[in-house]
1. Taking all protein chains in place and a 1.4 Å probe, what share, in percent, of the accessible surface of segment 23-171 do carbon and sulfur account for?
2. Once the Cβ-Cβ distance between T31 and A139 is put in as r, and R0 is 30 Å, what FRET efficiency do you end up with, to the nearest 0.05?
3. Peptides 105-115, 140-150: what's the order by average Cβ count within 10 Å, highest mean first?
4. Can you work out the accessible area per residue across segment 50-147, with the rest of the protein chains kept in place, probe 1.4 Å, in square angstrom?
5. Give me the net charge for the shell around L138: Cβ to Cβ below 12 angstrom, other residues only, Lys and Arg +1, Asp and Glu -1.
Amino acid sequence: MQHAAHTADDHHLAHHAQGHAHHVPAGASWTVAAQATLHCLTGCAIGEVLGMAIGTWLGWGNGPTMVTAVLLAFLFGYSLTLRGILRAGVGLAAAVRVALAADTLSIAVMELIDNGVIAVWPEAMAARLDEALFWGSLAVSLVLAFLATTPVNKWMIGRGKGHAVVHRYHH
């Protein structure tokens with residue numbers, strides 16, 4: 001029987017595709033956008049700080065350090081979203097698709113701002129782990145990334161995209 005070949009993921013995704021728009025805010029509030037951005041920032045900050053610390057500790061140049069930080073920011077950002085979606089009973093392949101759709105723009109904007117600030121901050125990339133400049137510039141860059149990304153998330157959630165997609169899996 002062909003129906004037996006469907007997975008629980010197919011049914012879950014079909015259930016949500018059949019018009020459960022009441023789970024998506026019609027025009028997201030700033031509070032909802034800020035919460036989504038904080039969620040994204042958590043994963044990004046873990047990866048960003050870890051990448052910058054690893055590159056600095058190993059004495060890597062700016063390029064490899066930033067690439068490592070960005071890759072880890074995406075990895076941790078997606079991982080936190082995946083964790084919640086998988087807990088909702090969604091299979092891995094479907095959960096990865098949702099996380100990519102929900103977080104890619106948010107993480108990209110956050111990383112662009114965060115790394116841009118670090119890149120233009122005088123001496124920030126040369127700071128050592130034991131210097132206040134290393135930690136201070138990272139903290140300021142993450143705050144600025146949050147401020148720049150919150151309106152992006154508000155816009156996306158208001159259109160049923162971004163973290164609005166993830167919200168559908170939290171019943």
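The values are calculated or read from the model by the stated rules, or taken from the named source; none is laboratory data. Keep in mind that what you see is a predicted model, and the values were worked out from it rather than measured. As a convention, Cβ positions derive from the backbone with ideal geometry for all residues, glycine included, and neighbour counts pool all protein chains shown. The area values use the complete protein model at the heavy-atom level, side chains included, leaving out ligands, DNA and RNA. Shrake-Rupley method; radii C 1.70, N 1.55, O 1.52, S 1.80 Å.
1. Values: 5140 of 7160 Å².
It is 72 percent, rounded to a whole number.
2. Details: r = 23 Å, r/R0 = 0.77.
Computed FRET efficiency for T31 and A139: 0.85.
3. Values: 105-115: 22.0, 140-150: 19.5.
Going by the mean number of other Cβ atoms within 10 Å, highest first, we get 105-115, 140-150.
4. Working: 4870 Å² over 98 residues.
Per-residue accessible area for segment 50-147 comes out at 50 Å².
5. Values: positive: none; negative: E48, D114, E131.
That sum, taken over residues with Cβ under 12 Å, equals -3.
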